[in-house]
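Since the structure comes first, as structure tokens, the remarks are kept for the end.
The values are calculated or read from the model by the stated rules, or taken from the named source; none is laboratory data. The shown structure was predicted, so the numbers you read here are calculated from the model rather than taken from an experiment. Please note: Cβ atoms are built from the backbone with ideal geometry, for glycine as well, and neighbour counts cover all protein chains shown.
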Amino acid sequence: MKNLARYCVLVLLLAGTHVSADTAEQYREQRAQLMREIADDVRDTSAYLDKDTLDPRVMQAMARVPREAFVPGAERRYAYENRPLPIGHGQTISQPYIVAIMTDLLRLRPDDRVLEIGTGSGYQAAILGELVKRVYSIEIIPALAKRARTVLDELGYKQVSTRVGDGYYGWEEQAPFDAIMVTAAADHVPPPLLKQLKPGGRMLIPVGSRFMTQQLVLVEKGADGSITTRLLLPVRFVPLTGER
Ligand code: SAH
């Protein structure tokens with residue numbers, strides 16, 4: 001009887017390892033499929049983007065970061081569907097296509113210092129961390145910030161610094177930034193963020209009310225400090241909250 005029990009435990013253990021190895025392989029295949037979908041979506045929206053392929057470095061980053069690690073357990077099997085997913089507290093991890101194009105639009109260089117507003121799951125911060133030297137990311141919901149930090153640490157993203165706070169005011173101590181990405185929708189471009197952008201820098205921010213489609217806006221600061229803005233494409237993000 002004892003032997004039978006031991007045998008059963010052994011079988012269960014082996015089955016367990018077998019399932020997880022399978023899952024890792026499945027995730028790899030699903031990630032490869034997702035990369036093809038992103039490439040197709042980029043081609044389909046080339047009129048908005050002014051290009052029909054993304055920077056290969058951005059695609060490599062997307063192919064490297066395990067999205068399943070940033071998605072809560074119940075949603076994990078959908079990790080490689082090309083859509084936003086709930087991450088708790090009424091928030092979402094962005095659609096992979098949107099993460100890819102926003103990252104591409106920032107035209108990052110390896111030495112850049114980048115600020116992200118809205119850490120959420122930490123996924124976008126990890127993608128940025130694959131491409132640049134330093135990433136600073138702010139999240140207003142402490143529980144999300146904590147979970148994102150844990151995942152980023154587990155995956156070894158030391159180049160990504162996170163903190164809890166209202167991103168409307170940016171991260172003054174670490175400014176200025178070469179690029180800023182806001183991943184929650186605001187009804188205007190926060191002046192503190194404009195101020196913390198380097199001359200020659202680029203910022204992406206979804207602008208619009210929570211009840212309307214928002215526009216993804218590219219803000220560029222010229223070498224002389226002049227600001228130009230361009231509406232790029234309609235998007236849908238959760239709202240930027242906080243006191244403002
Ligand atoms: N970039 C995230 C997705 C962000 S969803 C990812 O890759 O998973 C938007 C996030 O912005 C939410 O987590 C929300 O809590 C956060 N947020 C909303 N208002 C904020 C503010 N004023 N400052 C910082 N974070 C904010």
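Those residues that are in contact (Cβ under 8 Å) with a residue 24 or more places away in the chain and either among the acidic types (Asp, Glu) or closer than 13 Å to residue 99 by Cβ (or both), I need them from region 35-57; list them, please.
If the condition is that a residue be in contact (Cβ under 8 Å) with a residue 24 or more places away in the chain and either among the acidic types (Asp, Glu) or closer than 13 Å to residue 99 by Cβ (or both), then 35, 37, 38, 41, 42, 54, 55 are the ones that fit.
Only one of these conditions is not met by residue 214: (1) more than 16 Å from the chain's Cα centre (by Cα); (2) within 13 Å of the ligand (Cβ to nearest atom); (3) farther than 21 Å from residue 95 by Cβ. Which number is it?
For residue 214, the failing item is (3).
Identify the single condition in (1) outside any loop (DSSP other than H, G, I, E, B); (2) out of contact with any strand residue (DSSP E or B) (no Cβ under 8 Å at 6 or more places or on another chain) that residue 241 does not satisfy, given that it satisfies every other one.
Every condition holds for residue 241 apart from (1).
Which of (1) at pLDDT 95 or above; (2) surrounded by 14 or more Cβ atoms within 10 Å (Cβ to Cβ); (3) part of a loop (DSSP other than H, G, I, E, B) is the odd one out, the single condition residue 215 does not satisfy?
Only one criterion is unmet by residue 215, namely (3).
Which of the residues that make up region 111-129 are near the ligand (Cβ under 6 Å from one of its atoms) and more than 20 Å from residue 194 (Cα to Cα)?
Within region 111-129, 120, 121, 123, 124 qualify.
Whether any residue in region 101-110 is within 12 Å of the ligand (Cβ to nearest atom) and either among the β-branched types (Val, Ile, Thr) or within 18 Å of residue 197 (Cα to Cα) (or both) is what I want to check.
Taking every residue of region 101-110 in turn, at least one turns out to be within 12 Å of the ligand (Cβ to nearest atom) and either among the β-branched types (Val, Ile, Thr) or within 18 Å of residue 197 (Cα to Cα) (or both).
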